[in-house]
Amino acid sequence: MQKQIAVLPGDGIGPEITAEAVKCLKAVAGKFEHQFKFEYGLVGAAAIEKTGEPYPLETHQLCLRSDAVLFGAIGDPKYDNNPSAKVRPEQGLLKMRQDLGLFANIRPVELFPSLSARSPLKPERIKGVSLTVVRELTGGIYFGEPRGRNQEGNVAFDTCLYSIAEIERISRVAFKIALDTFATGERLAANPKVTLVDKANVLATSRLWREVVTRLHAEEFPEVTLEFMFVDNAAMQLVTAPANFHVILTENMFGDILSDEASVLTGSIGLLPSASYGANVQLFEPIHGSFPQAAGKNIANPLATILSAAMMLQNAFSMDKEAAALKKCCITAIENNILTEDLGGTCTTSHVGDYISRQLEDY
Ligand code: IPM
Ligand code: MG
């Protein structure tokens, strides 16, 4: 098959980790006789420096004409410490999500048994963890208007908005993932289950979520168990009884926070891939950020990005055996201690990528 892949390395460690994922995708193409064409685009601080815009139109057009997007990371301390900066790299990420209509963000949290000692939780706590966070990505307080300051500048405000249609479309994604991952045995849950995480005891938007999800569940997915959990309790349950979760369905900001929390269960945030999709092209990115302290040092963990590339093969291209092969080679690397320092290893970023692509050649 021929596929065109847009690569948006972004900032910090973004260029290094995407380079390793591209290396592995090239190895997959060689092994399985596909043609992957990679075209690069600017995003984030890197784009601001060259064009003045964090998500230039050219990059948007590149994404739209591609079969999938591989994204690295965004963010630069230069902007974090300057609250008066007019353009910020993160605006590029948010604009990209909005302009590409990427309303569904899928963040699977999977344990690699040989790394269980790296988890800050006791082995008996994490036993059986196999969950997916389904985060709404283009609504809520991240995008709601009005936002800003009052005239005197002494009061700031953000707005959290959700429509029934926005809640319905993301909820369908979550219910389907619960059914699919259960049917394929990819998830270890006893039953397909969706936990809606909200703050319905306080927020009007959360009460709408409960109403809509309850109706949709009864009408379209009665075979899935549905439970509700307040977000503060969910934050606690994620570290006290994480194996009880299967699919966590939640709004944009709660999903942002809980997915970082969930990632530590596995031992490193450097292991978690994600997929985003919606109206157009699908996008794949590690859930971690740009880790500027490590930029250019060849020490960042490329596994989350390589695993995101495996999700791309499966979700965007329906290349099941290729995705399985790439994932298997990542597991071989992990089991053979080909690890970066976040996981207690001594390997460089490029060494991990080289090892995995060599494993693919011999696969
Ligand atoms: C993420 C990130 C982004 C978010 C930031 C960089 C704007 O934390 O993808 O989780 O908050 O969505
Ligand atoms: Mg985040």
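Assorted remarks:
- Projected area, mean over directions - region 31-90, Cα convex hull, nm²: 5.1
- DSSP-loop GluC sites (Glu not before Pro) across region 201-270, with at most 16 other Cβ within 10 angstrom: 223
- Taking amide H as placed 1.01 Å from N in the peptide plane, residue 3 has its amide H under 5 Å from the amide H of 35, 36, 37, each at least 5 places away in sequence or on another chain.
- Proportion of all alpha-carbon pairs of region 120-266 beyond 19 Å (%): 54
- Shape category assigned to region 184-290 from the gyration tensor of Cα positions, a/c cut at 1.5: rounded
- Theoretical ellipticity at 222 nm over the chain - DSSP helices of four or more residues, -39500 (n - 2.57) apiece, nearest 500: -12500 deg cm²/dmol
- The charge dipole of the chain, taken about its Cα centre with unit charges on the Cβ of Lys, Arg, Asp and Glu (plus for the first two, minus for the last two), comes to roughly 200 debye.
- Antiparallel bridges, percent of DSSP beta bridges restricted to the chain (to nearest 5): 40
- Amide hydrogen neighbours beyond the local backbone of residue 132, cut-off 5 Å, H modeled: 109, 247, 248
- Computed over region 219-363, the alpha-carbon pair-distance distribution with 5 angstrom bins reads 2, 8, 15, 18, 18, 17, 12, 6, 3, 1, 0, each value a whole percent.
- Chain lengthening between residue 219 and residue 331 when straightened (0.36 nm per residue, less Cα-Cα): 36.4 nm
- The relative contact order of region 209-363, computed from alpha carbon pairs under 8 Å that lie at least 6 residues apart in sequence, is 16 percent.
- With the convex hull drawn over the C-alpha atoms of region 77-195, the volume per residue is 187 Å³.
- Modelled this way, with points 7 Å down the Cα-to-C-beta line, the labels at residue 35 and residue 155 are 6.2 nm from one another.
- Segment residue 297-residue 169, length gained on full extension (0.36 nm per residue, minus Cα span): 41.9 nm
- Share of pairwise Cα separations in the chain, more than 30 Å, in percent: 37
- Length gained when the stretch residue 346-residue 201 is fully extended (0.36 nm per residue, less Cα-Cα span): 47.5 nm
- Of 159, 250, 305, the residue with the greatest mean-square motion in the GNM of the chain, using alpha carbon springs below 10 Å, is 159.
- Shown here for region 96-200: chymotrypsin sites (Phe, Trp or Tyr not before Pro) in loop regions (DSSP other than H, G, I, E, B) with at most 13 other Cβ atoms within 10 Å, of which there are none.
- Comparing 343, 265, 208 in a Gaussian network model of the chain where C-alpha atoms under 10 Å apart are linked, the largest mean-square fluctuation is found at 208.
- Cβ-placed point charges (K, R +1; D, E -1), dipole of region 1-101 about Cα centre in debye, nearest 20: 200
- Cα gyration tensor shape for region 284-363, rounded if a/c is under 1.5, else prolate or oblate: oblate
- Alpha carbon centroid spacing (whole Å) that separates region 271-285 from region 349-363: 23
- Nearby lysines by direct alpha-carbon distance to residue 176 (threshold 28 angstrom, same-chain neighbours under 8 apart not counted): 3, 95, 127, 193, 199, 321, 327, 328
- Length-normalised contact order for the chain - Cα pairs under 8 Å, 6+ apart - percent: 23
- Neighbourhood net charge (12 Å Cβ-Cβ; Lys/Arg +1, Asp/Glu -1) for residue 161: -4
Values quoted throughout were computed directly from the atomic coordinates according to the rules given, and no laboratory measurement underlies them. Only a predicted model underlies this, so the values are computations on that prediction, with no experimental measurement involved. Heads up, the Cβs are rebuilt from the backbone with ideal geometry, glycines too, and the neighbour counts pull from every protein chain shown.
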